[in-house]
Every structure is written in C-alpha cells, then in structure tokens.
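Report on the structure given below.
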Amino acid sequence: MSKDYTEEQQMIVDLVREFCENEIKSIESEIDLKAQIPEELLKKLGEIGLYGMLVSEKYGGVDGSISALMSGIRELAKYSAAVSSLVLFHNALTCRIIEKYGNEEQKNTLLKELAIGKRIGTVVVGDNGSFLNLDDVKTDAEFNGEEYTISGRKNVVLNGKYADLFIILARIKEQFGFFIVDANNKGLSKGNPIELTGLKGNEVSSISFYSCKVSKDQIIGDVDKTDEIIKDLSDNVLLGLTSINVGISESALKEATKYANERKQFGKQIGTFEAVQAMLANIFIEEKFVKNLLETTSNEKDKGENIKVDAVICKVASSRMVENNTKSALKIHGGYGYIKDYPVERYVRDAATVKILCDSDDDLKVSLARKILGYD
C-alpha cells in the first residue's frame with residue numbers, strides 16, 4: 001500500500017486504476033475526439049460503485065469518505081478528465097446534497113437510483129456557474145400555495161449533457177432554496193452542449209425553465225441553511241477540481257518522462273539534457289506540493305473542520321501548477337506535443353478548461369483577500 005494513502009483510499013485507487021486500464025485507456029482519445037462518453041462506459045461506472053462513493057450503504061452506496069472520493073477522482077483524471085468531472089459532480093454535489101440535507105423520502109426515492117447510475121445528476125448554484133456570486137442568480141421560484149413555479153435560465157451546467165436530475169438554486173423572494181427538478185419536467189428545456197477547449201465528452205450546457213412546476217416537497221433542506229449547503233458543496237467542488245488537476249499533471253509527467261527516455265537528439269536521449277531534467281524536476285516538485293495539500297485538506301473535511309480557506313488555496317495552487325506542468329510537458333515533446341497522437345496536448349486543453357469551471361481563480365483570490373483583510 002502506498003504511504004500516501006489510507007487503506008480505504010488505496011482500495012478505491014486500485015479499483016479505479018484497474019477499471020481505467022481495462023475500460024478507459026483504449027478509448028480515452030476517442031472520448032476526446034468524439035466529445036462523447038460511451039453509454040456502455042457510463043453503465044459500467046455504476047456497476048463498480050463509482051456513482052455511490054458518498055452514499056450510505058443503506059441506500060446502495062459504499063459510504064466512502066471525501067478523501068477516498070478525491071483519490072478516485074484523481075485516478076480517473078489520469079485517463080479522462082471528462083469522465084472524472086462527471087463522476088465528481090454526480091458524487092460530491094448531487095449525492096452529497098441529498099445524503100446530507102435531504103429528507104428520508106428524497107433519500108429513498110433518489111439516492112438508490114443515483115448510487116448505481118440509474119440516474120445521473122448535477123447541482124447548479126449560480127446562473128453562470130459560480131458558487132461565490134449569488135447576485136447573478138435570477139432564476140426565480142414563486143410559491144402559489146401548493147407548488148412552486150420556477151422561471152429563468154442556468155447558463156453553465158456541468159453534466160448537463162447526461163443529467164436526468166437537476167438540483168438548482170433559485171430565489172424565493174429574499175431567500176434561496178435548492179430544488180429537485182427532473183429532466184422530464186415539461187417546464188425544463190435542455191440547451192445544446194457548449195463545446196469547450198477541453199473536457200471534451202462532458203461539455204457544459206444550459207437549461208431553461210418556463211413556468212416549471214415543482215412540488216414543495218422537492219426543496220432540499222431548510223432554506224434558512226442554504227448558505228451552509230452552498231459552503232459544503234463549494235468545498236467539495238474545489239477539492240474535486242484540485243484532484244482532477246493533480247491527475248492531469250501526473251499523466252503529463254508520466255508522458256514527458258517516457259518521451260524524454262525515448263527521444264534522441266545529437267545521439268543522446270533528451271532526458272540526459274539538464275534543461276529537460278530541470279523541467280521534469282519542477283513538474284514533480286509543484287505536483288508533490290499540491291498533492292500533499294489536497295490530501296491534508298481532504299482529511300480535514302472528513303473530520304468536519306472548516307476548510308473554506310484551504311479549499312480555495314488548493315484550487316488556485318493546483319490551477320497554476322497544472323497549467324505550468326502541462327505546458328512544460330508539451331515543451332519536452334517539442335513539435336510532437338501538438339500532434340493528437342500524443343496525449344499531452346489534451347492535458348494542456350483539459351487543464352485550461354478546469355481552471356475556468358465554477359469560479360475563476362481571480363474570483364477565488366478576491367474571496368481569499370477579503371478573508372485576509374477581515375471583510376468577511
């Protein structure tokens with residue numbers, strides 16, 4: 001067992017690695033080129049329990065920890081950032097919010113299906129994908145005494161292409177609440193997938209609500225505690241995106257090392273050149289730092305500690321790390337790095353895309369600065 005992992009984490013890593021070697025490795029380039037995760041692969045993810053990592057055993061899940069989930073996400077990202085992002089938003093947001101804040105009826109009717117992948121879900125907070133800026137939430141829910149009518153539009157929805165269950169934040173007069181909306185609801189309309197530079201296979205999409213009728217029983221949690229729910233979900237998504245970044249970087253290092261040992265110039269392997277060695281060492285150092293920070297922060301989350309600041313640091317540091325590391329790996333490959341036969345160009349695109357998901361690094365830095373200055 002790796003000294004970096006607990007027994008639970010190692011079990012998840014071994015399971016995911018074996019699955020990826022057997023099911024994803026041979027088609028990871030195809031997923032990117034076709035921008036489509038095969039239906040059969042989506043089904044197999046459920047068969048090995050990857051949709052229910054945070055779901056209690058009584059609802060068909062494996063009752064795993066945040067740390068174990070992040071280890072699994074990181075391992076998935078080594079093979080496909082698109083697949084890992086789908087599993088992240090399904091587990092860390094959809095299953096998490098129902099498991100922790102939903103009522104017993106919601107858990108019994110939804111979690112059992114989500115845990116095995118019979119349904120795929122996602123959570124949407126800000127109308128433009130943000131977890132920080134609730135001022136941009138114009139999606140409105142009006143109560144008429146028996147049910148809510150939701151109107152508005154969510155422009156950035158990850159998992160939107162595959163989700164058949166949406167949990168969305170909407171304004172209820174001066175408050176906010178999370179609503180469960182089935183994809184088959186007549187008042188909900190899915191937009192076409194928005195093609196991004198990276199994460200091809202799990203592009204974002206939009207969803208629109210036109211007099212969308214939702215029962216009052218479809219609210220998750222107490223609306224007075226919505227801020228608490230958003231904070232919890234924000235922690236999870238920041239840790240998850242950090243995990244994806246680390247996984248991408250690990251693959252970039254692996255490919256760069258392999259290429260440096262194979263490619264010869266002037267009669268020598270380029271790995272013998274000090275400039276190449278320096279780049280590989282820098283990749284390793286930066287990656288190790290973020291990996292350790294992620295591990296520590298994930299463990300703190302499992303213990304119930306406040307990780308708001310550290311989660312932001314994880315995401316910002318990992319974005320900078322993976323951007324630099326994938327570009328260094330590309331440089332080591334030289335001109336070949338720009339050919340799709342080599343996966344390193346995909347890592348560069350995936351890293352750039354993960355950086356802009358949810359809240360930008362600039363927005364995260366502003367939130368951190370406000371904390372430092374004592375404004376929040």
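The values are calculated or read from the model by the stated rules, or taken from the named source; none is laboratory data. What you are looking at is a predicted structure, and each value in this text was computed from that prediction instead of being measured. No Cβ is skipped: glycine too gets one built from the backbone with ideal geometry, and neighbour counts run over all protein chains shown. In case anyone asks, the SASA skips ligands and DNA or RNA and just uses the protein heavy atoms, side chains included. Shrake-Rupley method; radii C 1.70, N 1.55, O 1.52, S 1.80 Å.
Things worth noting here:
- Test result for Asp217, open to solvent by 30 Å² or more (accessible area, probe 1.4 Å) and outside any strand (DSSP E or B): yes
- Test result for Ala82, out of contact with any strand residue (DSSP E or B) (no Cβ under 8 Å at 6 or more places or on another chain), touching a residue at least 60 places away in the same chain (Cβ under 8 Å) and in a helix (DSSP H, G or I): no
- Qualifying residue in segment 182-201 (condition: under 21 Å from the mean Cα position of the chain (by Cα), at pLDDT 95 or above, farther than 23 Å from Ser80 by Cα and open to solvent by less than 10 Å² (accessible area, probe 1.4 Å)): no
- Pairs with Cβ under 7 Å, 6+ apart, first in segment 221-240 and closer than 30 Å to Ala77 by Cα, second small (Gly, Ala, Ser): Ile229/Gly221; Asp235/Ala311; Asn236/Ala92; Val237/Ala92; Leu238/Ala311; Leu239/Ser298; Leu239/Ala311; Gly240/Ala92
- Residue in segment 103-110 that is open to solvent by 20 Å² or more (accessible area, probe 1.4 Å), among the β-branched types (Val, Ile, Thr) and closer than 20 Å to Phe178 by Cα present: yes
Listed here are the residues, each with its yes/no results for (1) surrounded by fewer than 20 Cβ atoms within 10 Å (Cβ to Cβ); (2) at pLDDT below 95; (3) among the polar types (S, T, N, Q).
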position: Lys315; (1), (2), (3): no, no, no
position: Ile339; (1), (2), (3): yes, yes, no
position: Asp359; (1), (2), (3): no, yes, no
position: Asp363; (1), (2), (3): yes, yes, no
position: Gly374; (1), (2), (3): yes, yes, no
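- Looking across segment 175-214, the residues that are in contact (Cβ under 8 Å) with a residue 60 or more places away in the chain and among the basic types (Lys, Arg) come down to Lys200, Lys213.
Results for (1) among the hydrophobic types (A, V, I, L, M, F, W, C); (2) within 30 Å of Ala81 (Cα to Cα); (3) open to solvent by 10 Å² or more (accessible area, probe 1.4 Å); (4) not in a strand (DSSP E or B), shown as yes or no for each residue.
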{"site": "Leu233", "(1), (2), (3), (4)": "yes, yes, no, yes"}
{"site": "Asn236", "(1), (2), (3), (4)": "no, yes, no, yes"}
{"site": "Leu239", "(1), (2), (3), (4)": "yes, yes, no, yes"}
{"site": "Thr242", "(1), (2), (3), (4)": "no, yes, no, yes"}
{"site": "Leu253", "(1), (2), (3), (4)": "yes, yes, yes, yes"}
{"site": "Ala256", "(1), (2), (3), (4)": "yes, yes, no, yes"}
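- Pick from segment 356-376, criterion in contact (Cβ under 8 Å) with a residue 60 or more places away in the chain and not small (Gly, Ala, Ser), ranking: farthest from Glu203 (Cα to Cα): Lys371
- Set side by side, the residues Ala35, Ala68, Ala82, Ala115 differ, and just one is small (Gly, Ala, Ser), open to solvent by less than 10 Å² (accessible area, probe 1.4 Å) and within 19 Å of Gly160 (Cβ to Cβ), which is Ala82.
- When each of Asp32, Asp14 is tested for being of a type in the set (Asp, Glu) and touching a residue at least 40 places away in the same chain (Cβ under 8 Å), the lone residue that passes is Asp32.
- Filtering segment 184-226 to residues that are among the acidic types (Asp, Glu) and in contact with a strand residue (DSSP E or B) (Cβ under 8 Å, 6 or more places away or on another chain) leaves Glu203, Asp224.
- Close pairs from segment 263-284: first within 14 Å of Asn324 (Cα to Cα), partner of a type in the set (Ser, Thr, Tyr) and open to solvent by less than 70 Å² (accessible area, probe 1.4 Å), Cβ under 6 Å, at least 6 apart: Met279/Ser328; Ile283/Ser328
- Looking only at segment 341-357, and only at residues there that are in a loop (DSSP other than H, G, I, E, B) and more than 14 Å from Val316 (Cβ to Cβ), the one that is modelled with the highest pLDDT: Pro343
- Val123 hydrophobic (A, V, I, L, M, F, W, C) and open to solvent by 30 Å² or more (accessible area, probe 1.4 Å): no
- Selection within segment 220-231 - open to solvent by 70 Å² or more (accessible area, probe 1.4 Å) and farther than 25 Å from Asp310 by Cβ: Asp222, Asp224
- Scanning segment 95-125 for residues that are assigned to a loop (DSSP other than H, G, I, E, B) and within 18 Å of Cys212 (Cα to Cα) returns a single hit, Val125.
- Scanning segment 160-183 for residues that are out of contact with any strand residue (DSSP E or B) (no Cβ under 7 Å at 6 or more places or on another chain) and farther than 12 Å from Arg119 by Cβ turns up Lys173, Glu174, Gln175.
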